[in-house]
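The values are calculated or read from the model by the stated rules, or taken from the named source; none is laboratory data. Because the structure is predicted, anything quoted here is derived from the model rather than measured. Cβ: placed from backbone, ideal geometry, glycine included. Neighbour counts: every protein chain shown.
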Amino acid sequence: MIAPFFQDFPSAIMLDADVKQKAEGLAAFANIEYDLAEEWTLVVGARASRDEKEIDQINSFFLPADPANPFPGYEQSTNVPVGPNVGGNVFTDETIGSLRDFSENTWSGKLELDYKPGQDTLIYGSISRGIKSAGFNNGFITVPLPPEELQFDSETLLAYEVGYKSTFWDRKANVSMAAFYYDYSDFQTLNFVGAGTFITNKDGNLYGAEAEFTVLPIEGLTLRLNGGFVDTELSDVTNSGGVTADRDMALAPEWTLSAMARYEFQLKDSDKFLGFQIDGNARDSFFNDPGNNSAGEVPAFHVLNARVFLSDAAERFRVTASVENVTDNQEISSIFLLQGLGGYRYFFHNRPRWYSISFTYNFM
């Protein structure tokens, strides 16, 4: 693939990326549930995997042949004139040998104990081991890339969780709660390098809890509240200032909260139902990069939505009118740092207030 990079800049460059990757996988798994007693169930699961991957990667950066008219015709053809090659990676069997391929045997598993003191209650505890396969850094990344950094290792997670679920009040209310601790080895950490991304391995951990409560206090009214909390840590991460320290994981707000209220009723002398719903969610600020650079901090955010809907008793049709982001609260939703390109960053805003009308009809 050939693509111009910063076409309008005085020193325009072009990337010629020729990357071919092959992956093969083989896995076997089993899961067993065994009743130890009337109220106790043991769950055991395991999975064995073998992964084989190889890559050929040739990336090159070119200056324009004519700086006054850089890369003419690039929109219509990939065969465009280029100037000098000013950098790149050549990762083939001839240049790096065994670094361009690997094979790996891994395993994952789960051990869970369930306790059901009654038909509507579950208390459980589990220990799980999960694996995310190793891979290669490739594509649009800053060049040159040292050969030893082409591969990143597989990620291993040990997850511990306890939880409680129950339905009560004559089945008009239910609650779910869980607490967890995740221990990561070689966590695959996504970094922004130049105009692209680069994965390294860091150890890390997180712990937290979440809960959801739903209640139907009167006929037609549903109330729901959901919340979560996490505390994260990623070891020995270097920020843009060159300081290495333990950091918060990226994309991990400390708290999240959501709520919903819906009321629907049958219209008099009709088989039609009219409903109203209001819902919203909020979250804490978080970092979009593992270095926790202040320029990559996404601010806290909240949004409120409302809708009204009309349907028949058989749910054959439904008409819905909605207003999303009622308060028109526009905040940054994600940030990407381009530290290797003059300290630039680009970011996205959430969608502003949005009105919509939808119609659904089921033929079955």
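Observations
- Failed item, numbered, when Ser235 is tested on (1) surrounded by fewer than 16 Cβ atoms within 10 Å (Cβ to Cβ); (2) farther than 25 Å from Thr106 by Cβ: (2)
- Only listed residue being surrounded by fewer than 14 Cβ atoms within 10 Å (Cβ to Cβ) and either out of contact with any Pro (no Cβ under 7 Å at 6 or more places or on another chain) or at pLDDT below 95 (or both), chosen from Gly228, Gly242: Gly242
- Residue that is surrounded by the most Cβ atoms within 10 Å (Cβ to Cβ), among those in segment 245-294 that are of a type in the set (S, T, N, Q) and closer than 17 Å to Ser333 by Cβ: Asn288
- Condition met for Asn305 (out of contact with any Asp or Glu (no Cβ under 9 Å at 6 or more places or on another chain) and closer than 24 Å to Ser258 by Cβ): no
- Among the residues making up segment 31-59, those that are among the basic types (Lys, Arg) and more than 30 Å from Asp114 (Cβ to Cβ) are Arg50, Lys53.
- Flag for Ala261 being in a strand (DSSP E or B) and of a type in the set (Gly, Ala, Ser): yes
- Single residue of Asp279, Asp269, Asp284 found to be acidic (Asp, Glu) and in contact with a Lys or Arg (Cβ under 9 Å, 6 or more places away or on another chain): Asp279
- Some residue of segment 27-47 being touching a Phe, Trp or Tyr at 6+ places or on another chain (Cβ under 9 Å), surrounded by 13 or more Cβ atoms within 10 Å (Cβ to Cβ), modelled with pLDDT under 90 and in a strand (DSSP E or B): no
- Criterion applied to Asn59, Asn79 was being among the polar types (S, T, N, Q) and either outside any strand (DSSP E or B) or over 12 Å from Met14 (Cβ atoms) (or both), and the one residue passing it is Asn79.
- Filter pass, Asp51 being modelled with pLDDT of 90 or more, assigned to a strand (DSSP E or B), more than 30 Å from Leu158 (Cα to Cα) and not β-branched (Val, Ile, Thr): no
- Restricting attention to segment 198-238 and to residues that are of a type in the set (Val, Ile, Thr) and in contact with a Gly (Cβ under 8 Å, 6 or more places away or on another chain), the residue that is nearest to Trp169 (Cα to Cα) turns out to be Val230.
- Breaking point among (1) over 30 Å from Thr200 (Cα atoms); (2) in contact with an Asp or Glu (Cβ under 9 Å, 6 or more places away or on another chain); (3) touching a residue at least 40 places away in the same chain (Cβ under 8 Å); (4) not aliphatic (A, V, I, L, M), for Ser311: (3)
- Filtered residue count, segment 147-166, keeping only those that are assigned to a strand (DSSP E or B) and either surrounded by 17 or more Cβ atoms within 10 Å (Cβ to Cβ) or touching a Ser or Thr at 6+ places or on another chain (Cβ under 7 Å) (or both): 10
- Residue match in segment 91-108 (condition: surrounded by 15 or more Cβ atoms within 10 Å (Cβ to Cβ) and in contact (Cβ under 8 Å) with a residue 60 or more places away in the chain): yes
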